[in-house]
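Written below as structure tokens is the structure these notes are about.
The values are calculated or read from the model by the stated rules, or taken from the named source; none is laboratory data. These numbers were taken from a predicted model, which means no experiment stands behind them. All Cβ positions, even for glycine, are placed from backbone atoms using ideal geometry, and neighbour counts span all protein chains on display.
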Amino acid sequence: MERINYTQSAQLLERAKKVLAGGVSSEFRKYNHPHAIFYTHGKGSRIYDVDGNEYLDFTLSQGPLILGHSHPHVLKSVSDYSETGQLFAGQHIKEIELAEKLAALIPSAALMRFCLDGSEAVQTAFRVARAKTGKQKFLRFEGHYHGWLDNVAWGISAPDVAALGAREAPVAHPWTAGLPDQSRNEFMILPWNDLALLEKTLAQHHHEIAGIITEPVMCNSSCIMPQAGFLEGVRALCDQYGIALIFDEVITGFRLSIGGAQQYFGITPDLSIFAKAMGSGYPISVIAGKKEWMHLIENAQVIHAGTMNSSNATIAAALATIEVLEQENPYDRMFALGNKLMQGLREAAARYHLPLLVQGPGPMFNTGFTGLEQVKDYRDTFTYDKTRLGKFIAGMHDRKIRIIGRGLWYISAAHTTADIEHAIATATEVMSGM
Ligand SMILES: Cc1ncc(COP(=O)(O)O)c(C=O)c1O
């Protein structure tokens, strides 16, 4: 294998560290192999770094690039609409067009507001749920990521599984220093995929809970599918107790289907958050919901604001992305390519007797080394051998295939069968040396 060169990136990182804290603009970007990398451009399924390396990209910028890098229709739409202005502190026609499109595509989206990212749209959903129910807390699940803000920066890290405590009363560990103590009082937390435990907890605590937030597929920890009947059961409990069901579709939105996980699973939440794949890398998200919940924003009982919301570039990017998704309908292809890749990875691991677990729906999936046949909640993820995964990811990266460091892969409409076959062949080579 030819030795890959990261010299220019390493030098730029040293320069960046003098002015950018840690050399990066988002914590996760530090954890590339062998260090944060500086990129020059991306096109289709490929991304290029300052050392001239061309990578086959399964990171897709942590999910947003569902059409691949630099899709021409998105770029042209953004450029054309930006010619007319950037931001009006007022309304413009294309934001109605986008909202009408989303209302037609997403089952829960009767009314909506545009925001900039997933984190703030999540907080808007909490505000609506509290205001409507008159209750204070939200219930969330271990290992689910809902952004980096205070009240959700808990329960996504722990030194070991024992530190999580009893399943019935989990210990939520802070992800960062600087969290206000009271942010821990805003939520209850439980392991995911355990309907009986949720039922038992709500029987006792439903009068405190304004909303239940869940990733419909637990993408952020191991890409875990909901167990049969789990989401249906959560929906029924929310109805029973007058609790908002909030789907965090930041990853699943436009990825599992054009109407999100709610369309894919046939379960309609009260409130939903869409971000990442909606805007092809431009900063746009949406808080959408049924009229009876969103009317609190409509009538200004609940305030939602933001100087930068619905700028021309972001609205044009989202409209163009959805236009391409509607025209091409790449979903069957993304599922098929994802499943082919998953199967190829499993076969490669079996050949070299490696305990690689590959799970997920296809357009995104997770790889990790564990003795378990299925990882079904956050607690199970502590069985993963992180050192082994690190070696695999590094081996792939040194052979110019880029995967998210925690083992998550994204497939785009730009990936081809040849890309998938190349990834399988490369993974087989890497595993042969493990
Ligand atoms: C499921 C989920 N919710 C919320 C967020 C936060 O979104 P953002 O990073 O756009 O603030 C993320 C980000 O990765 C996510 O994966």
Item to check | Leading residue by the ranking (nearest to Met218 (Cα to Cα)) among those in segment 258-277 that are part of a strand (DSSP E or B) and in contact with a helix residue (DSSP H, G or I) (Cβ under 6 Å, 6 or more places away or on another chain) | outcome: Ile273
Checklist entry - Considering segment 330-345 alone, what residues qualify as being more than 15 Å from Ala425 (Cα to Cα), touching a residue at least 24 places away in the same chain (Cβ under 8 Å) and charged (D, E, K, R)? => result Arg333
Next on the checklist: Yes or no: segment 222-244 includes at least one residue that is in a loop (DSSP other than H, G, I, E, B), under 21 Å from Leu116 (Cα atoms), assigned by TED's automatic domain parsing to the domain that holds Leu202 and at pLDDT 95 or above.
Outcome noted: no
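Results for (1) in contact with a strand residue (DSSP E or B) (Cβ under 6 Å, 6 or more places away or on another chain); (2) surrounded by 17 or more Cβ atoms within 10 Å (Cβ to Cβ), shown as yes or no for each residue.
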position: Leu13; (1), (2): no, yes
position: Tyr31; (1), (2): no, no
position: His35; (1), (2): no, no
position: Thr40; (1), (2): yes, no
position: Leu67; (1), (2): no, yes
position: Val74; (1), (2): no, yes
position: Ser77; (1), (2): no, yes
position: Asp80; (1), (2): no, no
position: Leu87; (1), (2): no, no
Item to check | Residue match in segment 170-184 (condition: within 29 Å of Phe365 (Cβ to Cβ), crowded, with 19+ Cβ neighbours inside 10 Å, within 16 Å of the ligand (Cβ to nearest atom) and of a type in the set (S, T, N, Q)) | outcome: no
Next on the checklist: With closer than 30 Å to Tyr241 by Cα, within 15 Å of the ligand (Cβ to nearest atom) and aliphatic (A, V, I, L, M) as the only criterion, which of Ala261, Ala317, Ala300 stands out?
Outcome noted: Ala261
Checklist entry - Has segment 140-150 got any residue that is away from the ligand (no atom under 16 Å from the Cβ), farther than 21 Å from Gly306 by Cβ and not in a helix (DSSP H, G or I)? => result no
Checklist outcome for this item: Wholly inside segment 282-376, helices (runs of 4 or more DSSP H) that include 3 or more residues that are at pLDDT 95 or above, in the same structural domain as Thr133 (by TED's automatic domain parsing) and surrounded by 19 or more Cβ atoms within 10 Å (Cβ to Cβ) are 291-298, 312-328
Checklist entry - When you look at Ala158, is it under 24 Å from Glu373 (Cα atoms), more than 15 Å from the ligand (Cβ to nearest atom) and either in contact (Cβ under 8 Å) with a residue 40 or more places away in the chain or crowded, with 18+ Cβ neighbours inside 10 Å (or both), yes or no? => result yes
Checklist entry - Right, Ala418: assigned to a helix (DSSP H, G or I) and modelled with pLDDT of 95 or more or not? => result yes
Checklist outcome for this item: Out of (1) more than 13 Å from the ligand (Cβ to nearest atom); (2) basic (Lys, Arg); (3) part of a loop (DSSP other than H, G, I, E, B), the one Arg255 does not meet is (1)
Item to check | Filter result (away from the ligand (no atom under 13 Å from the Cβ) and either touching a Cys at 6+ places or on another chain (Cβ under 7 Å) or among the charged types (D, E, K, R) (or both)) within segment 114-136 | outcome: Arg127, Arg130, Lys132, Lys135
Checklist entry - Between residues in segment 79-93 that are within 15 Å of Ala320 (Cβ to Cβ) and residues that are basic (Lys, Arg), which pairs lie under 9 Å by C-beta distance while being six or more apart or on different chains? => result Tyr81/Lys94
Checklist entry - Out of segment 168-189, which residues are part of a loop (DSSP other than H, G, I, E, B) and within 19 Å of Lys137 (Cα to Cα)? => result Glu168, Ala169, Pro170, Val171, Ala172, His173, Leu179, Pro180
